[in-house]
Amino acid sequence: MSDDCLPATFFVVGASKAGTTFLASVLARHGDICMSQPKEPCYLSSYPGYGYHHYGEPYYRKCFAHWQGEVHRGDASVVYMWDPASPRLIEAHNPQARILMSVRDPVARIVSSYSEFLKAGKSLPSLQEFVTGESPELAWVMERNDYSRYLQRYEERFGRD
């Protein structure tokens, strides 16, 4: 593998349950695009247990070990949307990077997240009680539904285009 496989040329940042997996799979089918494997390397995140400080550059290079000279290299990690450090880390990694942001109707995302919590074995009240009550799970979803804050972080670093 050549050192030319880095840096990634574009990043798919988006809300969980907002189609990032589908988008990454569609992009991976294009002949000029190499998507990271795994889909979410989370390399440019500052959160504990993620990121360059945890994994190191050799890990990130392995995510693109299958690169065969494609023009574009993509990294699709949802953590990049809500980690306040990720826009800065992405810019330091590649100031010319393109950002694709995938979002979903916030209400549909709440319902989808509620279903995922139940599948994971969380004991929750009915959906109606869930959305009108207070819980750590609802607070987590609502914080990540504040798309304007996340869009602003990226727009400040990469512009509106």
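Scanning segment 18-36 for residues that are of a type outside the set (Asp, Glu) and surrounded by fewer than 14 Cβ atoms within 10 Å (Cβ to Cβ) turns up PHE22, SER25, VAL26, ARG29, HIS30, GLY31. Inspection of segment 90-102 identifies no residue that is free of Cβ contacts under 8 Å to residues at least 40 places away in the same chain, under 15 Å from SER16 (Cβ atoms), surrounded by 13 or more Cβ atoms within 10 Å (Cβ to Cβ) and within 19 Å of the chain's Cα centre (by Cα). Within the bounds of segment 38-52, is there any residue that is more than 23 Å from ALA18 (Cβ to Cβ) and either among the basic types (Lys, Arg) or modelled with pLDDT under 95 (or both)? So far as segment 38-52 goes, yes, one or more of its residues are more than 23 Å from ALA18 (Cβ to Cβ) and either among the basic types (Lys, Arg) or modelled with pLDDT under 95 (or both).
The condition (being without any contact (Cβ under 8 Å) to a residue 24 or more places away in the chain and touching a helix residue (DSSP H, G or I) at 6+ places or on another chain (Cβ under 9 Å)) is satisfied by just one residue among PRO38, PRO48, PRO84: PRO48.
Each row is one residue, and each column tells you yes or no for (1) modelled with pLDDT of 90 or more; (2) of a type in the set (Gly, Ala, Ser); (3) touching a Leu at 6+ places or on another chain (Cβ under 9 Å).
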position: GLY74; (1), (2), (3): yes, yes, yes
position: ASP83; (1), (2), (3): yes, no, yes
position: PRO95; (1), (2), (3): yes, no, no
position: ILE110; (1), (2), (3): no, no, yes
position: SER135; (1), (2), (3): no, yes, yes
position: ARG153; (1), (2), (3): yes, no, no
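State whether one or more residues within segment 136-146 are farther than 13 Å from SER16 by Cα and either surrounded by fewer than 14 Cβ atoms within 10 Å (Cβ to Cβ) or aromatic (Phe, Trp, Tyr) (or both). Yes, segment 136-146 contains a residue that is farther than 13 Å from SER16 by Cα and either surrounded by fewer than 14 Cβ atoms within 10 Å (Cβ to Cβ) or aromatic (Phe, Trp, Tyr) (or both). In summary, VAL12 fulfils each of the numbered conditions (1) open to solvent by 20 Å² or more (accessible area, probe 1.4 Å); (2) at pLDDT 95 or above; (3) touching a Ser or Thr at 6+ places or on another chain (Cβ under 6 Å) with the single exception of condition (1). Listed by first and then second residue, the pairs with beta-carbon distance under 9 Å, at least 6 apart or on different chains, first residue in segment 6-33 and farther than 18 Å from ASP83 by Cβ, second in a loop (DSSP other than H, G, I, E, B) and aliphatic (A, V, I, L, M), are THR9/VAL71; THR9/ALA97; GLY19/VAL103; ASP32/VAL71; ILE33/VAL71.
From the residues in segment 147-161 that are without any contact (Cβ under 8 Å) to a residue 60 or more places away in the chain, open to solvent by less than 90 Å² (accessible area, probe 1.4 Å) and part of a helix (DSSP H, G or I), which one is farthest from ALA85 (Cα to Cα)?
Filtering segment 147-161 for residues without any contact (Cβ under 8 Å) to a residue 60 or more places away in the chain gives 148-149, 151-152, 155, 159-161.
Checking the rest, the ones that are also open to solvent by less than 90 Å² (accessible area, probe 1.4 Å) come to 148-149, 151, 155, 159.
Subsequent filtering for residues that are part of a helix (DSSP H, G or I) retains 148-149, 151, 155.
Working: SER148: 16, ARG149: 13, LEU151: 13, GLU155: 14 Å.
Restricting to residues being without any contact (Cβ under 8 Å) to a residue 60 or more places away in the chain, open to solvent by less than 90 Å² (accessible area, probe 1.4 Å) and part of a helix (DSSP H, G or I), the top hit is SER148.
The values are calculated or read from the model by the stated rules, or taken from the named source; none is laboratory data. Here the structure is a predicted model, which is why all the values come from computation and not from measurement. Every residue, glycine among them, receives a Cβ derived from its backbone with ideal geometry; neighbour counts consider all protein chains shown. Remember, those area values only see protein heavy atoms, side chains included, never the ligands or the DNA or RNA. Shrake-Rupley method; radii C 1.70, N 1.55, O 1.52, S 1.80 Å.
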